[in-house]
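Notes follow once the structure below has been shown.
Readers should treat all values here as calculations from the given coordinates under stated rules, not as data from a laboratory. Remember, predicted model here, so these are calculated numbers, not experimental data. Every residue, glycine among them, receives a Cβ derived from its backbone with ideal geometry; neighbour counts consider all protein chains shown.
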Amino acid sequence: MFRLKGNQPTLHAGVKLFFSEPVGPLARARQRSQHGDRQERREVVVSSELNEWAQWPALGQVGQFRYRARRQGKLVDETSYFITSLRAEQASARELLGLLRGHWGIENRVHWVRDVTFDEDRCQVRKGSAPQVMAALRNTVIGLLRLRQEPNIAAALRNCAWHAERAIDLVTRPPT
């Protein structure tokens, strides 16, 4: 599954335009949930009709994901688009909704830690392959801490900063 963003502007615009005036059959799935004072609603609409337009042999379905939530009286309404190689007979709209929640949950766990804990957006390493190396190092540290089932990545990093031997153990000793 691939979430469409600005990195594929033609495909993103085409899928967005398609869902503004869809052609052919659409499949839908909805889900509601309540978390404290936050009410959430998710909806997935999928179609197999863009396969010829996109000319990608592996394209199974295109989809629109809509998230609505009411938090502290304010309405949040977000729409995003995605493509998948899974054909309609392989994954229904309901199954895609579950896959999307799981995929973005994993993605958000890593990206949130990189954005907030590592403050990656303010990193001034910008030349050559250094940004990719730094991202790989950050991901490695996050992965090692998760393997050790650290509940709080920021606290574990502070602990390693204060105790160099713990940082060395993190890299040299396998998790138990």
Checklist entry - How high is the FRET efficiency between residue 119 and residue 165 when r is their beta carbon distance and R₀ equals 22 Å, given to the nearest 0.05? => result 0.30
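What does the charge count near residue 97 come to, summing +1 for each Lys or Arg and -1 for each Asp or Glu among other residues with Cβ under 11 Å from its Cβ?
+4
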Checklist outcome for this item: Taking every other residue with Cβ under 13 Å from the Cβ of residue 19 and scoring Lys and Arg +1, Asp and Glu -1, one gets 0
Next on the checklist: If I build a Gaussian network model for the chain, linking alpha-carbon pairs within less than 10 angstrom, which residue out of 32, 101, 158 has the largest mean-square fluctuation?
Outcome noted: 158
Next on the checklist: On a full-extension model of 0.36 nm per residue, what is the gain between residue 13 and residue 76, subtracting their alpha-carbon distance, rounded to one decimal in nm?
Outcome noted: 20.4 nm
Checklist outcome for this item: By the Cα gyration tensor axes a ≥ b ≥ c (a/c under 1.5 gives rounded; else a/b larger than b/c gives prolate, otherwise oblate), the shape of the chain is prolate
Next on the checklist: Helix-only mean residue ellipticity at 222 nm, the chain, DSSP H runs n ≥ 4 weighted -39,500 (n - 2.57), per residue, nearest 500. What is it?
Outcome noted: -13000 deg cm²/dmol
Checklist entry - Convex hull over the alpha-carbon atoms of region 1-91: what's its volume per residue in Å³? => result 112
Checklist entry - Can you list the HN-Hα couplings for region 59-66, worked out from phi with the Karplus curve (6.51, -1.76, 1.60; θ = phi - 60°), rounded to whole Hz and with x for Gly and Pro? => result 6, x, 8, 10, x, 10, 10, 10
Item to check | Distance (nanometres) between label positions extended 7 Å along Cα→Cβ at residue 49 and residue 34 | outcome: 3.7
